[in-house]
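Trainee: Below you'll find the structure I mean.
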Amino acid sequence: MTDDVLFFCQEFEALAGRRDEPGRYYQNRAYRNASVSFRNSTRHNCQKAAALLGTDGCPLHSITARAELVTKVGLNPFLFPAHLLPGCDLLSDSGTTTMTVEQWAQLLLGDEAYGSNEGYFELNEQFGVTFGEVWQQRFDAPLQTVFIFHQGRAAEHALFFNLARSLKVEGLKPLRQRLAGKTGDVYARILAEIERMERRVYASGQKWEEPVYLIPSNGHFDTTEANIAASNIIPLNLNCVEHRNNDEKFPFRGNINLVELGELLNTIPEHIPLVYLTITNNTGGGQPVAMANIRTVRRLTAEKRVPFFLDACRFAENAWFIQQREPGYQGREIKEIVREIFSEIDGFHISLKKDGLVNIGGALLIRADGLFVQRYPGLLEQLTDYQILTEGHPTYGGLAGRDLKAIAEGLRTVVNPEYLASRIGQVQRFAERLSASGVPIIKPAGGHAVYIDIDRFFAGISNEDTDYKGVAFVALLLIAGHRLCELGVYAFELEGRKPPRNNFVRAAIPRLTYEAQDLFATAEAIRLIYEHRERIPAVEVLSGKDLALRHFKSRFKFKQQKV
Ligand code: F0G
């Protein structure tokens with residue numbers, strides 16, 4: 001090789017090793033497009049949309065028609081037709097994945113036999129490869145330990161509904177009585193959660209029974225929380241101190257608060273049927289949980305013989321953060337880190353619509369030799385019966401045989417380090433772009449989404465909680481053509497709650513779907529709204545304010561600003 005060629009080789013190598021700067025990229029994506037989907041933009045489709053929705057013009061192309069449609073759907077992004085968005089749909093990273101060609105190939109190979117089909121055996125084997133052999137269903141085992149569901153919340157519902165039926169209440173005082181006289185922040189929060197549940201139950205006209213159990217977590221997702229509460233158990237979030245203090249330097253802001261967890265396990269262990277960690281912590285800003293935190297939760301729960309579960313939706317993204325940030329893990333493979341995480345727990349539920357890299361699917365896996373089975377021996381049988389009544393046999397759980405094969409393939413892809421670096425790198429660049437425009441976001445950014453901090457967004461501007469300006473901001477972005485989601489004062493009913501609180505608007509990035517150009521167009525629209533934030537109007541709630549999970553159902557309208 002000549003000196004000149006060698007010179008260029010070295011320069012190219014240095015270029016590939018550089019970190020991206022705003023507007024410049026030094027690394028390629030880990031994939032290329034194998035198929036694309038044009039937006040629904042033919043003249044015929046536009047006319048059809050306008051006629052169907054009764055708008056003056058096509059909402060895909062005309063801003064005023066889109067504004068009209070946003071008004072018609074009551075400013076609620078969940079009700080806006082997704083195919084009429086010209087920009088990025090960042091409502092959720094769930095089920096919005098673009099599948100790989102290998103996954104599409106697997107769909108064609110699907111075996112549609114009724115239960116125990118080929119896909120199930122493949123997926124079961126893949127569960128063993130991905131999470132560790134103990135998680136695989138043993139075919140000679142008398143009881144089912146692997147339960148397939150059509151999505152995560154169906155698994156949650158099955159678990160909490162059946163768990164609640166197995167729990168005994170005799171001899172246990174209601175939580176409020178049990179905690180009487182106890183001082184401290186964590187007890188005050190439990191009492192506030194009980195009162196919140198009581199208000200909801202009364203508002204819905206149901207019978208109120210004082211709860212005796214609670215399930216602590218680093219951060220329950222909203223459906224998890226609702227499923228726990230619907231089973232008359234108190235869901236409790238114990239964010240770590242660094243999370244509450246907005247400590248940007250702390251690499252694992254998704255951690256659970258070990259001091260508070262330890263205190264509860266010491267004082268009221270008989271009231272805690274299960275401890276949960278959500279990886280990554282979606283409600284708390286998509287932040288990762290450290291291996292050290294997982295290990296300590298294992299130790300604390302094992303001492304009291306309390307089972308420990310994961311909500312494992314984004315397990316691979318969490319493992320990537322451990323590899324990047326936790327001392328001792330830099331040289332370790334993602335696959336190994338995943339197995340280490342899952343060696344610490346008694347069971348997990350997962351929405352495979354995230355790190356399963358599929359459009360539909362979920363599962364509940366219970367370790368046959370774990371504490372959960374020991375503590376609730378009848379529950380596996382109960383779960384099997386329940387599943388047959390609701391989703392079908394546990395070996396397909398409401399999914400087609402082809403879906404099971406696509407999940408197995410997705411689980412093989414998701415631990416690929418190039419994929420994870422590319423995926424999380426994209427989220428981080430989007431975050432940096434917003435931050436460079438001054439938009440206040442949760443830092444460091446999480447793995448699947450960027451969380452805009454609404455309390456700081458409106459700092460210094462009149463913004464009562466009941467103005468719901470986070471909702472207004474999302475509605476304005478819809479008019480601009482991009483869909484985000486309010487996860488704050490309205491979604492979590494935080495009105496009047498003192499900081500620290502999780503008051504966010506979230507931009508969740510679908511996997512393998514958008515390019516930087518798309519995300520940067522969203523960032524520009526957000527920048528524009530941020531620069532004119534004093535003009536963001538308050539909204540009035542037209543309906544749904546007192547409903548559970550109200551953000552999915554409510555309708556709003558913009559208020560006229562007082563001059
Ligand atoms: N747990 C977590 C941490 C989640 O993020 C979700 C869904 C679920 C459970 C429920 O799973 O949707 O399959 O029923 N999160 C989506 C989101 C909807 O947008 O964050 P599912």
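Trainee: Write down, largest first, the equivalent ellipsoid semi-axes of region 105-413 in whole Å, where each equals the square root of 5 times an eigenvalue of the alpha-carbon gyration tensor.
Mentor: For region 105-413, the ellipsoid semi-axes come out as 31, 24, 17 Å.
Trainee: Mind listing the long-range amide H neighbours of residue 289? Cut-off is under 5 Å, sequence gap 5 or more, other chains count too, H placed in the peptide plane at 1.01 Å from N.
Mentor: For residue 289, whose amide H was placed from the backbone, the distant partners under 5 Å are 281.
Trainee: Got a sec to turn the phi values of region 523-529 into Karplus ³J(HN,Hα) couplings, 6.51 cos²θ - 1.76 cosθ + 1.60 with θ = phi - 60°, whole Hz, x for Gly and Pro?
Mentor: With the stated coefficients, region 523-529 comes to 4, 5, 5, 5, 4, 4, 5 Hz.
Trainee: How many Å³ per residue does the convex hull of the Cα positions in region 46-108 occupy? Don't skip to the answer; put the middle values down first.
Mentor: Details: hull volume 7.5 nm³, N = 63.
Taking the convex hull of the Cα positions in region 46-108, it is 118 Å³ per residue.
Trainee: Along the charge dipole of the chain, Cβ charges K/R +1 and D/E -1, which of 6, 468, 228 sits furthest on the positive end?
Mentor: Result: 468.
Trainee: Rounded to two decimals, what ratio of Rg to Rh does region 415-563 give with C-alpha atoms and a Kirkwood Rh?
Mentor: Using Cα coordinates only, the ratio equals 0.98.
Trainee: In this model, which of 249/335; 354/553; 498/553; 182/553 are farther than 31 Å apart at the alpha-carbon?
Mentor: Exceeds cut-off: 182/553.
Trainee: Restricting attention to region 151-241, which trypsin sites (Lys or Arg not before Pro) occupy a DSSP loop and are surrounded by at most 16 other Cβ atoms within 10 Å? All intermediate terms of the calculation are to be shown ahead of the outcome.
Mentor: Details: sites: 153, 165, 168, 176, 178, 182, 189, 196, 199, 200, 207; in loops: 168, 182, 207.
In loop regions of region 151-241 (DSSP not H, G, I, E or B), the sparsely surrounded trypsin sites (Lys or Arg not before Pro) are 168, 182, 207.
Trainee: Give the long-range amide H neighbours of residue 485: residues separated by 5 or more places, or on another chain, with amide H under 5 Å away, using H modelled in the peptide plane at 1.01 Å from N.
Mentor: Counting only residues 5 or more places away or on other chains, the set is 506.
Trainee: Note down the magnitude of the dipole of the chain about its Cα centre, charges +1 on Lys and Arg C-beta and -1 on Asp and Glu C-beta and zero elsewhere, to the nearest 20 debye.
Mentor: 1480
Trainee: For the residue pair residue 52 and residue 207, what label-to-label distance in nm results when each label sits 7 Å from Cα along the Cα-to-beta-carbon direction?
Mentor: Spacing of the two 7 Å Cα→Cβ label points: 4.5 nm.
Trainee: Which is farthest toward the positive dipole end of the chain among 502, 139, 387, measuring Cα position about the Cα centre, with Cβ charges +1 (Lys, Arg) and -1 (Asp, Glu)?
Mentor: Value computed over the given set: 502.
Trainee: For region 490-563, what number results from the quotient of the Cα radius of gyration and 2.2 N^0.38 Å?
Mentor: This ratio for region 490-563 stands at 1.40.
Trainee: Cα convex hull of region 353-408: mean projected area in nm², to one decimal?
Mentor: Mean shadow area of the hull around the Cα atoms is 4.4 nm².
Trainee: Tell me, what HN-Hα J-couplings in whole Hz come from the Karplus equation 6.51 cos²θ - 1.76 cosθ + 1.60 at θ = phi - 60° for each residue of region 438-455, using x for Gly and Pro?
Mentor: Coupling constants for region 438-455: x, 5, x, 10, 6, 10, x, 5, x, x, 10, 7, 10, 10, 8, 7, 6, 5 Hz.
Trainee: Go ahead and estimate [θ] at 222 nm for the chain from helices alone: -39,500 (n - 2.57) per DSSP H run with n ≥ 4, summed, over the residue count, rounded to 500.
Mentor: After summing the helix terms and dividing by residue count, I get -13000 deg cm²/dmol.
Trainee: Assuming R0 = 35 Å, can you tell me the calculated FRET efficiency for the pair residue 112 and residue 34, based on Cβ-Cβ distance, to the nearest 0.05?
Mentor: About 0.90, to the nearest 0.05.
Trainee: Charges at C-beta only: +1 for Lys and Arg, -1 for Asp and Glu. How large is the resulting dipole of region 105-413 about its Cα centre, in Debye rounded to 20?
Mentor: For region 105-413, the charge dipole is close to 760 debye.
Trainee: Using just the Cα positions, wrap region 393-486 in a convex hull and report its mean projected area in square nanometres, one decimal place. Could you put the intermediate results ahead of the total?
Mentor: Numbers: hull surface 39.3 nm².
Mean projected area of the Cα convex hull: 9.8 nm².
Trainee: Convert each backbone phi in region 63-80 into a coupling constant with the Karplus relation 6.51 cos²θ - 1.76 cosθ + 1.60 (shift: θ = phi - 60°), then list the ³J(HN,Hα) values in order as whole Hz, x for Gly and Pro.
Mentor: Using θ = phi - 60°, the values come out as 5, 5, 5, 5, 4, 5, 5, 4, 5, 4, 8, x, 6, 9, x, 5, 9, 7 Hz.
Trainee: Pop a pseudo-label 7 angstrom from the Cα along the beta-carbon direction at both residue 198 and residue 10 and give the gap in nm to one decimal.
Mentor: That separation, rounded to one decimal, is 7.5 nm.
Trainee: Same structure, new question: Between residue 247 and residue 304, how many nm apart are label points set 7 Å from Cα along the C-beta direction?
Mentor: Here the answer is 2.3 nm between the modelled labels.
Trainee: Between residue 435 and residue 295, 0.36 nm times their residue separation minus their Cα-Cα distance comes to what? Present the calculation step by step, with values, prior to reporting the outcome.
Mentor: On the way: separation 140, 0.36 × 140 = 50.40 nm, distance 3.36 nm.
Result: 47.0 nm gained on full extension.
Trainee: Ok, one more. Can you give the Kirkwood hydrodynamic radius of the chain from its Cα pairs, in Å with one decimal?
Mentor: On the way: mean 1/r = 0.0402 Å⁻¹.
Value: 24.9 Å, from the Cα pair sum.
Trainee: For a bin width of 5 Å, list the pair-distance distribution of region 1-116 built from all Cα-Cα distances, rounded to whole %.
Mentor: The distribution over region 1-116 is 2, 8, 11, 11, 10, 11, 11, 11, 9, 6, 4, 3, 2, 0, given as percents.
Trainee: Now a separate question. Past the 17 angstrom mark, what percentage of all C-alpha to C-alpha distances in region 285-402 do you count?
Mentor: That tail contains 63 percent of the Cα-Cα pairs.
Trainee: A further question on this structure: Alpha carbon centre of region 222-278 versus region 443-522: separation in Å?
Mentor: After rounding, the separation between the Cα centres reads 23 Å.
Throughout, read-outs are computed from the coordinates displayed, never taken from laboratory work. Quick caveat, the model's predicted, so the values are computed rather than measured. No Cβ is skipped: glycine too gets one built from the backbone with ideal geometry, and neighbour counts run over all protein chains shown.
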